Structure formats: C-alpha cells, structure tokens
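Q: Can you keep this structure in mind? I'll have questions shortly.
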Amino acid sequence: MGLKYRRVLLKLSGEALMGDREYGIDPFFISELADEIKSVYEIGAEIAIVIGGGNIFRGVKGSSMGMDRATADYMGMLATVMNALALQDILEKKEVPTRVMSAIEMRQIAEPYIRRRAIRHLEKGRIVIFAAGTGSPFFTTDTTGALRAAEIKADVLLKATKVDGIYDKDPVKHPDAKLLKEITYLEAINKDLKVMDHTALTLCMENNLPIVVFNIKKKGNIMKILLGEPIGSIVR
Ligand code: UDP
C-alpha cells in the first residue's frame, strides 16, 4: 500500500486518553485509540508517539496554586509517564510491540531516551512512546513532539485534537469559524491560531517538518492521512 508518510510522530495530548471524562484515563477510549494506531502499524507505518499529561497534571496549574513552576513542570512530566505506560499496556494487549523511552531516567519502568536507539526500534517495527516530555521544565509536550520528530527524521508531525483542524477562530465558541485547510508556519505563529505553542511551531518551521492537525475522535483519520487523504489542516 502506498504510504504518503512512512515515519510519523503522533502527538497525543493527555486529554486524548480522557474520552468524555473530566480527568484521568478512559479505558474504552484508550482501547479505541490503540486499535486505530494498530491499524496503521499493520500497513507498515513507523510510529513514534509523544504523549501529554494534561489529563493528570499541568505545570501552569501547579504554579497558579503557588508552586514553584519548575517543580510543577516536573510533576507534569511524571504525569506523561503514567499515560505512556497506560498506552503501552493497551497496545501490547493488542499484540503491538512497543518501547517507552523516558527523557527522565527511570530505568525500572522505561528505557532512557537515546535518539539512535529510538530510530533502531522504529526500524525494527516497534512503536516508540516518548515519555517525560523534553525532560526540562518550561516546555510542553507539543514542543517535545516537534523536537522528537526532527530528531528521528519523521516525515510528518500528526497533532491530534478534538476538532477537525485549524480554524480562523475557536470553533467551540464560534459556530461560524472557518476551517483552514492549509496555512504556513508564519501564519500560524503571527495569527496566533492555537495550532501548537510558538516554540513547537518554530522548531517545525526550521526543520521543514509538516504538521497535520486532525480530529482524533473520528475513527480512521490517522489511516486516511497516511494514505494521502486531505484530512484536517496542514501547516507547512
Ligand atoms: N512538561 C514540561 N516539559 C516538557 C513537557 C511537559 O515541563 O518538555 C510538563 C508541563 O508542566 C506540562 C505537563 O508536563 O504542563 C504536561 O504536558 P502538556 O501540558 O504538554 O500535556 P498535554 O496538554 O499535551 O496533555
């Protein structure tokens, strides 16, 4: 089967595991997500995943409660490790081989992140789940997605969201918001279109890494994107 993108970095926010809950992980939803990932794995895509932690803890929330920002961010990074393990567990129950690689060493539960080793895992047909963000506070997992995608030379960064793509204004608040099928990095940055944070966008721009923003709630979208269908919005 002809794949438009062969090596992909899938950025999932913690909320993608939450389903319709307000917090934590929804077992039904994460299972559906794993089925979708497995389907593209089976047609030969090399898949790396960066998982967020917002369903459990966000650094900005901690600092708004008076915590030191860096400490709160480390808690956020630990939250991503929990999500990574949950995703690994469900994928392996579906017989998809995976490796979790953590940017913060915790050898008992995950491999340390080593770039060349991550690439080797992908070549050997393992799904690699990157945990603990960049390992540094003051960054986001979107930026981690851009960074890891550049490091492993991914063909595309797939940014999963709850809406169909990038809009000229917030589609949840404005029913007349228009879906933008294709925009440039600079448009995304200058118009502040809330695609990803600016650090992540700049990194993608500097590395000519296309970003496809798509709706993760619609089944089959990842497959369609990899097969070349114009799903969602593209930033390039
Ligand atoms: N985080 C961090 N450095 C990183 C990545 C993440 O400090 O490189 C922290 C930060 O506190 C963030 C939290 O981990 O709020 C969870 O990540 P994020 O908010 O990006 O998750 P998502 O919104 O994708 O669920």
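Here, each number is a calculation from the coordinates, and none is a lab measurement. Note that this is a predicted model, so its numbers are computed, not measured. Using ideal geometry, Cβ is built from the backbone for each residue, glycine included, and neighbour counts are taken over all protein chains shown.
Q: Taking region 26-85 only, how many residues are within 24 Å of Leu157 (Cβ to Cβ) and not hydrophobic (A, V, I, L, M, F, W, C)?
A: Residues that pass the stated criteria total 19.
Q: Right, here's the next one. Quick one: Gln88 ticks every box in (1) of a type outside the set (Lys, Arg); (2) away from the ligand (no atom under 12 Å from the Cβ); (3) not in a helix (DSSP H, G or I) bar one, so which box is it?
A: (3) is the only condition that Gln88 fails.
Q: Here's something else I'd like to know. Considering only region 33-51, state which residues are exposed (fewer than 15 other Cβ atoms within 10 Å of the Cβ) and either within 16 Å of the ligand (Cβ to nearest atom) or of a type outside the set (Val, Ile, Thr) (or both).
A: Within region 33-51, Asp35, Glu42, Gly44 meet the criteria.
Q: While we're here: Does region 111-133 include one or more residues that are more than 21 Å from Arg6 (Cα to Cα), surrounded by 20 or more Cβ atoms within 10 Å (Cβ to Cβ), within 16 Å of the ligand (Cβ to nearest atom) and hydrophobic (A, V, I, L, M, F, W, C)?
A: yes
Q: I'm checking my understanding of the structure. Among residues of region 134-167 that are within 7 Å of the ligand (Cβ to nearest atom) and of a type in the set (Ser, Thr, Tyr), which one is surrounded by the fewest Cβ atoms within 10 Å (Cβ to Cβ)?
A: Ser136
Q: Out of all the residues in region 60-81, is one or more in contact with a Lys or Arg (Cβ under 9 Å, 6 or more places away or on another chain), part of a helix (DSSP H, G or I) and closer than 19 Å to Lys219 by Cβ?
A: No, because not a single residue in region 60-81 is in contact with a Lys or Arg (Cβ under 9 Å, 6 or more places away or on another chain), part of a helix (DSSP H, G or I) and closer than 19 Å to Lys219 by Cβ.
Q: Could you say which residue among Gly24, Gly54 is touching an Asp or Glu at 6+ places or on another chain (Cβ under 7 Å), within 14 Å of the ligand (Cβ to nearest atom) and not in a strand (DSSP E or B)?
A: Gly54
Q: Here are some residues: Gly62, Gly24. Which one is on the phi > 0 side of the Ramachandran plot and over 14 Å from the mean Cα position of the chain (by Cα)? Even if it seems obvious, please write down each step before you answer.
A: Numbers: Gly62 fails: on the phi > 0 side of the Ramachandran plot.
Unique residue meeting the criteria: Gly24.
Q: When region 174-204 is examined, which residues are found to be hydrophobic (A, V, I, L, M, F, W, C), part of a helix (DSSP H, G or I) and closer than 15 Å to Lys159 by Cα?
A: Ala188, Ala200, Leu201, Leu203, Cys204
Residue-wise test of (1) without any contact (Cβ under 8 Å) to a residue 12 or more places away in the chain; (2) β-branched (Val, Ile, Thr); (3) assigned to a strand (DSSP E or B).
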| site | (1), (2), (3) |
| --- | --- |
| Leu10 | no, no, yes |
| Ala16 | no, no, no |
| Asp20 | yes, no, no |
| Phe29 | no, no, no |
| Ser39 | no, no, no |
| Val50 | no, yes, yes |
